[in-house]
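The values are calculated or read from the model by the stated rules, or taken from the named source; none is laboratory data. Just so it is clear, the structure is predicted and the values come from calculations on it, not from any experiment. All Cβ positions, glycine included, derive from the backbone under ideal geometry; neighbour counts span all protein chains shown. Side chains are part of the model used for accessible areas, which takes the heavy atoms of the whole protein and leaves out ligands, DNA and RNA. Shrake-Rupley method; radii C 1.70, N 1.55, O 1.52, S 1.80 Å.
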Number of protein chains: 2
Amino acid sequence: MSVTAAKGFTAAGIAAGIKENGNPDLALVVNTGPRRAAAGVFTSNRVKAAPVLWSEQVLRGGEVSAVVLNSGGANACTGPKGFQDTHATAEKVADVLGHSAGEVAVASTGLIGVLLPMDKLLPGIEQAAAQLSEHGGEKAAIAIKTTDTVHKTAVVQKDGWTVGGMAKGAGMLAPGLATMLVVLTTDADLESAALDTALRDATRQTFDRVDSDGCMSTNDTVLLLASGASGITPGQAEFAEAVRAVCDDLARQLIGDAEGASKDIRIEVVGAATEDDAVEVGRSIARNNLLKCAIHGEDPNWGRVLSAIGTTRAAFEPDQLNVAINGIWVCKNGSVGEDRDLVDMRYREVRITADLAAGSESAVIWANDLTADYVHENSAYSS
Amino acid sequence: MSVTAAKGFTAAGIAAGIKENGNPDLALVVNTGPRRAAAGVFTSNRVKAAPVLWSEQVLRGGEVSAVVLNSGGANACTGPKGFQDTHATAEKVADVLGHSAGEVAVASTGLIGVLLPMDKLLPGIEQAAAQLSEHGGEKAAIAIKTTDTVHKTAVVQKDGWTVGGMAKGAGMLAPGLATMLVVLTTDADLESAALDTALRDATRQTFDRVDSDGCMSTNDTVLLLASGASGITPGQAEFAEAVRAVCDDLARQLIGDAEGASKDIRIEVVGAATEDDAVEVGRSIARNNLLKCAIHGEDPNWGRVLSAIGTTRAAFEPDQLNVAINGIWVCKNGSVGEDRDLVDMRYREVRITADLAAGSESAVIWANDLTADYVHENSAYSS
């Protein structure tokens, strides 16, 4: 279903030869209207890939008629030539579809610092355009995979309208946003401003709270396109909730497929004075390598949780901190709590609850453990 | 030589039985005067171990007559009982030596969240006191090891006066300070204020710029004791330089023995607008797990350096960044530079130079690679 679950969209995914192993590497998503409203959120990394710089410009216009995505190369840190290549890619899509290049968003993912093989990418666009279909969402989702072991899609169907989407991402996963490409589509009849509000709200609470390895990508892109093909204009709150549900689903799929991970860690910070405090503490716990190793070893090492909390600026008193791991309060009032041998950590999901005892705000951050497989996957070859 | 290289100090290191494996675990360092001036720098982690809270109080008095250090338990997150144990430890040392407990600093290292076996520690203090010797520095350095594979000592001898020291630390090594215990001694005849100025200056540029794994300890302690036994009062600049040299030597030894590491990474940030910018960028590079994996794999993956720089607030333009790895400028003006195949990464030391092209300030941060051995060492058992 993916990006073609909503009416008014076609998609395709093909192997253009960008990847040396011959796997699918080029996806095309086209909004067939009647409306072409769009919103986008991009990496907050200050070193931005050429397609991010390009697509940020496109989104300023508020209309996107097509998105072309490639895996097999990030086109990041590639200088003026890289930006020219992105521009040429958008022009090629516009030519083939009879659109304006200024309405074609581009997204790339793969190794940083390498130019894309344009002699393969441009013919690939013609090939993808020829295969555009209302059932092409699945193939598009497959074509944007890099080190992903599975493709990721999600759909929410409401009363006469739909929000669907696809995502890729498995490493360099840290907020602002996670290293990932996401395209969401809807046939709801909404203007770009309404899409933008819903998308920013959703990403702030979903993708921005995923932190697989603390490393922020240069290419993160989340796009939301509306075709208006359902003829229905849902209320903002209902629409925002549907977008958030799809984003939440995709964000969880990203964590579930993180490079080398053996555990998904749900870190819930409660009792915080502010939501910002809760997020800061959650992120500090999520990024603590020693804790990530301990979780991998199924060791409920709560001392490493406290040492991570202690590095933040959040409001708390050290002797009032409480920590539960999988429901067992192993740390109470900053000291030894229930018997750590009661903690059962055999399953993939591990739940850490950190109670700051400083207020009533909370936040959930999702993270992964740190494993020898992660080291291997990120040291044995360039990615 | 260690802490007894300077005149006016005795030390001992013994096995008190705190460690279950029977290795040495208790060290005592005594200032025999005539002066007992002292300065200390402690972890900036807000979750501080009981011995840190105690020793911070002691240092406020400006005089330290003895330091008792144990490995085998951090006495962190141990509540009121943990603090009582630290107090009892200082009282015991004071009793045995005929000093005041208010002048006895305490330092502990090991697992967080476990009470110390006081029935072994207190008799151990008597045993250590009986073995105090002007040649005991080496044994003291051995007794504070935890996962350290070697003990760490350093000495600078000047014209009639000396600065010496010992350090432990191999994991949870990140600034503010690194997870480590350091005791420095000098026979220079200086007041506490002069020691404090020299010590803060030295730690800021040495221990605070070591970042093995981004994890800040609850127990970091650096103490500088002056006996005045040389009768010589060096100039502040000369003294500060000697203290910095000893700290620099010990900091390098910490990095060289970091848990599971196969590479020592020297990250030099140049062309920064401010020293703070240089440190922020250096630390961001030092903590990037993907880059640390790439260095382990001897892959000069400069894209990961740029993606780390891009997450900082430092002054720079993305298209003016330059990066060299072991002297080869693999990234020029934010894009592909010299041939990455020219980079020789066979040796343990890897040098990364990041030129922000935004000014003339610089800083050096030392880090380690991320290895499967690190994961194993920190997941296979609690530490």
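The table below gives the values:
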item: Every pair of residues 6+ apart whose Cβ atoms lie under 7 Å, when the first sits in the stretch B:86-111 and is within 16 Å of B:Leu69 (Cβ to Cβ) and away from every other protein chain (no Cβ under 14 Å) while the second is in a helix (DSSP H, G or I) and of a type in the set (S, T, N, Q); result: B:Ala105/B:Ser55; B:Val106/B:Ser55; B:Val106/B:Thr86; B:Val106/B:Thr89; B:Ala107/B:Ser55
item: Subset tally (residues that are within 27 Å of B:Arg204 (Cβ to Cβ) and either open to solvent by 10 Å² or more (accessible area, probe 1.4 Å) or more than 10 Å from chain A (Cβ to nearest Cβ) (or both)) for the stretch B:293-314; result: 2
item: Whichever residue in the stretch A:81-127 is at pLDDT below 90 and at positive phi and, among such residues, is most open to solvent (accessible area, probe 1.4 Å); result: A:Gly110
item: Enumeration of residues in the stretch B:59-68 that are open to solvent by less than 10 Å² (accessible area, probe 1.4 Å) and either under 11 Å from B:Gly102 (Cβ atoms) or among the hydroxyl-bearing types (Ser, Thr, Tyr) (or both); result: B:Val64, B:Ser65
item: Matching residues, the stretch A:315-357, being under 14 Å from A:Gly282 (Cα atoms) and facing chain B (nearest Cβ under 9 Å); result: A:Phe316, A:Leu321
item: Residue within the stretch B:34-56 that is of a type outside the set (Val, Ile, Thr), open to solvent by less than 20 Å² (accessible area, probe 1.4 Å), within 14 Å of chain A (Cβ to nearest Cβ) and not in a loop (DSSP other than H, G, I, E, B) present; result: yes
item: Test: residue in the stretch A:115-133 that is in a loop (DSSP other than H, G, I, E, B) and among the small types (Gly, Ala, Ser); result: no
item: Only one of A:Gly327, A:Gly337 that is touching a Phe, Trp or Tyr at 6+ places or on another chain (Cβ under 9 Å), modelled with pLDDT of 90 or more and not hydrophobic (A, V, I, L, M, F, W, C); result: A:Gly337
item: Options B:Ala367, B:Ala357, B:Ala308; residue that is among the aliphatic types (A, V, I, L, M), out of contact with any Gly (no Cβ under 8 Å at 6 or more places or on another chain) and more than 24 Å from A:Gly110 (Cβ to Cβ); result: B:Ala367
item: The stretch B:232-259: number of residues that are part of a helix (DSSP H, G or I) and more than 14 Å from the chain's Cα centre (by Cα); result: 7
item: Qualifying residue in the stretch B:69-80 (condition: out of contact with any strand residue (DSSP E or B) (no Cβ under 6 Å at 6 or more places or on another chain), surrounded by fewer than 24 Cβ atoms within 10 Å (Cβ to Cβ), within 14 Å of chain A (Cβ to nearest Cβ) and in a helix (DSSP H, G or I)); result: yes
item: Filter result for the condition that a residue is more than 14 Å from chain A (Cβ to nearest Cβ) and at pLDDT 80 or above, over B:Arg204, B:Arg209; result: B:Arg204
item: Qualifying residues in the stretch B:333-342 (those that are within 35 Å of the chain's Cα centre (by Cα) and closer than 18 Å to A:Leu111 by Cα) - the one least open to solvent (accessible area, probe 1.4 Å); result: B:Gly334
item: Residues satisfying the stated conditions in the stretch B:229-273, i.e. at positive phi and crowded, with 23+ Cβ neighbours inside 10 Å; result: B:Gly260
item: Complete set of residues in the stretch B:348-363 that are under 24 Å from the mean Cα position of the chain (by Cα), surrounded by fewer than 18 Cβ atoms within 10 Å (Cβ to Cβ) and not acidic (Asp, Glu); result: B:Arg348, B:Arg351
item: Flag for A:Thr197 being more than 14 Å from chain B (Cβ to nearest Cβ) and in a helix (DSSP H, G or I); result: yes
item: Selection status of A:Ile125, in contact with a Lys or Arg (Cβ under 6 Å, 6 or more places away or on another chain) and aliphatic (A, V, I, L, M); result: yes
